[in-house]
Structures are given as structure tokens and as C-alpha cells.
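The values are calculated or read from the model by the stated rules, or taken from the named source; none is laboratory data. On a predicted model such as this, the values are computed, not experimentally measured, just so you know. Neighbour counts run over all protein chains shown; Cβ positions are idealised from the backbone, glycine included.
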């Protein structure tokens, strides 16, 4: 078994790693594997992939003739070539039952919100340069938060916003819900939500429907004083249109943890805009989550080993969870 991309060394030190070592011979890579190094994968039967750091495409799978199981940490598999996995009869087990992101991602959302509204980054920068800047910040209380995707992550963001005294409105991809829920959150059509929100926070899954959802037309519907926060997936927002809106002050600011291309290119204009806060896709990345990933992977591996099924006996070998269907995905 090979563990990919343990940059931080956190997986190697997770308490549950000992369980994995009892179930399989484990080799941990503290870096990304390059195509010219694929030879080390030749005898690998099991892979543990840390989120989406390595692209598992047809070329990758071709280098793993003995691969039977991918333990995919996190609930998404955007980086996996489903057709190639299916053709090879490889089981992909998604680590969907991770509890901590419902806490840590909302925390990052409010880090962005508070940082932008209170202008913490430019004030800190000027203070470090010896200044004593004069500035009048804003407050979250009384402002309207619009949530795109009122589900597992959107709902705890709404509860936090209400604790700050914000009004919360929400839009779901299906667009079927309307009215207020038991928490007083009002459902609105997307255009109406964008027009009235002081802050818009994205919590949608990436899909054909959500890709490019916030395009130039939709961004123009937002208030010039509004803030956009994206901790979901970069491809949901037209990044070129967003840069234009921020540069031309048609949006007051943005807090971005995800990007259309990752790592964010050094030449990206987003890096130069003073009204933008950037983090390198760390919304999920805290010690508790990484350790939970290993616990789930150990449970999945144990379940897979005890079934006694060979890869030829799996009815739907890719087992990738798409379009909300579980389709045989292994769970702890």
C-alpha cells in the first residue's frame, strides 16, 4: 500500500496509521509522484490518496497493473478518471463520512468575512511598515448573507451568521425550495439573492450545473459593496470575470480558498489585488480532519479485506460517488 502526498507528515503520524500498518505493508510518500517515478507503483495493490493532490488518470492507472483499491480521502473524486478506473476494475472508496469540515470550513468563511469587512490585511500590512492607518471598518451585524448551497456546509454557516446578527437568505441548485425554514432562513431565486446580499458564500458541489455558475452576468447582479467568498470549488466562478469586477471595484472584495487552476499561478492577477484575501485550498486542512481521514481509510480497508471480494467480483468496480448515487462506494 502506498500513501500519496503526505506533504505535512500528518498522515504518517496519525494514530490510526498503526491500524493501516497492521492491515497492509505501508509506504508513505511525502511529496507528489512524478510520471517518471511511476515504476514504484508497479506492485502496489492499494493506494491512499490525500484529497486531489495527485491526478489519477489513465496514464497513472496504467502504471499500476496490480492496483485493486483506491482509498480516496474526502467526499469528492474530481481528479480521478472514472472511465479508466472502471475499465481496470479498480474500487474507489470515498471517505464521505468526515464530520469536521462542517466546523472548520465555516470557520474559514468567517475568517474571510471578518478580515475583509474590518480590513485586517491592509491595516496589518501598513502597521508592519511603521504606519498608524486611519480606517473605518464595517460590521457583519445587520448585513445580509446569501448562501449558495444550503446543505451540509451552508447550514452551519447560516447558524454562525445569525449569531453575528446577520440576515440569511439561501439558494439551492434545484431551486425547488421557497419560503423560510425553521431557523428563519429565506429561500430566494439566485438573481434575487445576488441583488440583495452584502456577502455571498458558495457551498455548492462542482457539477455540470454549477460549473461557471457565477459568470460575468451573474457577478454584475451583485452590489458594488458586496463581498464574494468561495471555499467550495474554483470552477464555480468565472475567474476572469471576477478579476475584472474586483479590479473595477464592481465588487468590494473576495475571500478565495479555491481556484480554477491549483496551485494558483504566480502570475495570477488575484495575487496583486488589494481587496482579495487568498488561502491555498486549506479550508479542510486541519489536524483533526487529516487524522479522521486515516481512521476512515482504515475502516474502509478492513471492510474491503474482510469481504473477500476480488476486483472481478465487484459489480460496479469504479464505485465513484457521482450525482449523489453511492453506487457501491465503500463506507466505514
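Given (1) in contact with a helix residue (DSSP H, G or I) (Cβ under 6 Å, 6 or more places away or on another chain); (2) in contact (Cβ under 8 Å) with a residue 24 or more places away in the chain, where does residue 133 come up short, assuming only one miss?
That leaves (2) as the condition not met.
Within the stretch 32-42, is even one residue out of contact with any strand residue (DSSP E or B) (no Cβ under 8 Å at 6 or more places or on another chain), without any contact (Cβ under 8 Å) to a residue 40 or more places away in the chain, under 17 Å from residue 304 (Cα atoms) and not in a helix (DSSP H, G or I)? Break it down into steps so the answer makes sense when it comes.
Looking only at the stretch 32-42, we keep the residues that are out of contact with any strand residue (DSSP E or B) (no Cβ under 8 Å at 6 or more places or on another chain), and these are 34-39, 42.
In the following step, the residues that additionally are without any contact (Cβ under 8 Å) to a residue 40 or more places away in the chain were identified as 34-39, 42.
Now drop any that are not under 17 Å from residue 304 (Cα atoms), which leaves none.
Within the stretch 32-42 (the criterion being out of contact with any strand residue (DSSP E or B) (no Cβ under 8 Å at 6 or more places or on another chain), without any contact (Cβ under 8 Å) to a residue 40 or more places away in the chain, under 17 Å from residue 304 (Cα atoms) and not in a helix (DSSP H, G or I)), the answer is no, since none of the residues qualifies.
Please specify each residue of the stretch 254-287 satisfying the condition of being assigned to a strand (DSSP E or B) and surrounded by fewer than 18 Cβ atoms within 10 Å (Cβ to Cβ).
Answer for the stretch 254-287, where residues must be assigned to a strand (DSSP E or B) and surrounded by fewer than 18 Cβ atoms within 10 Å (Cβ to Cβ): just 278.
Counting just the residues of the stretch 3-17 that are surrounded by fewer than 20 Cβ atoms within 10 Å (Cβ to Cβ) and in contact (Cβ under 8 Å) with a residue 60 or more places away in the chain, which one comes out nearest to residue 299 (Cα to Cα)?
Among those residues, the one meeting the criterion is 16.
Go through (1) touching a strand residue (DSSP E or B) at 6+ places or on another chain (Cβ under 9 Å); (2) closer than 22 Å to residue 114 by Cα one by one and return the number of the condition residue 224 breaks.
The one condition residue 224 does not meet is (1).
Out of everything in the stretch 94-109 that is at pLDDT 90 or above and touching a helix residue (DSSP H, G or I) at 6+ places or on another chain (Cβ under 6 Å), what residue ends up being surrounded by the most Cβ atoms within 10 Å (Cβ to Cβ)?
For the stretch 94-109, the residue satisfying everything is 109.
Testing residue 20 on (1) over 23 Å from the mean Cα position of the chain (by Cα); (2) outside any loop (DSSP other than H, G, I, E, B); (3) more than 18 Å from residue 296 (Cα to Cα), one condition comes back false. Which one is that?
(3)
How many residues does the stretch 142-178 contain that are at pLDDT below 95, farther than 19 Å from residue 105 by Cα and crowded, with 18+ Cβ neighbours inside 10 Å?
The total comes to 0.
Can you tell me which of 212, 234 is out of contact with any helix residue (DSSP H, G or I) (no Cβ under 8 Å at 6 or more places or on another chain), modelled with pLDDT of 95 or more and within 26 Å of residue 104 (Cα to Cα)?
The conditions single out 234.
For the condition assigned by TED's automatic domain parsing to the domain that holds residue 146, within 14 Å of the chain's Cα centre (by Cα) and crowded, with 16+ Cβ neighbours inside 10 Å, what is the one hit in 227, 236?
236
Quick check: anything in the stretch 179-188 at pLDDT 90 or above, in contact with a helix residue (DSSP H, G or I) (Cβ under 7 Å, 6 or more places away or on another chain), surrounded by fewer than 18 Cβ atoms within 10 Å (Cβ to Cβ) and on the phi < 0 side of the Ramachandran plot?
Yes, because at least one residue in the stretch 179-188 is at pLDDT 90 or above, in contact with a helix residue (DSSP H, G or I) (Cβ under 7 Å, 6 or more places away or on another chain), surrounded by fewer than 18 Cβ atoms within 10 Å (Cβ to Cβ) and on the phi < 0 side of the Ramachandran plot.
Which one of these is within 30 Å of residue 226 (Cα to Cα) and touching a residue at least 60 places away in the same chain (Cβ under 8 Å): 108, 94?
Working: 94 fails: within 30 Å of residue 226 (Cα to Cα).
From the options 108, 94, the qualifying one is 108.
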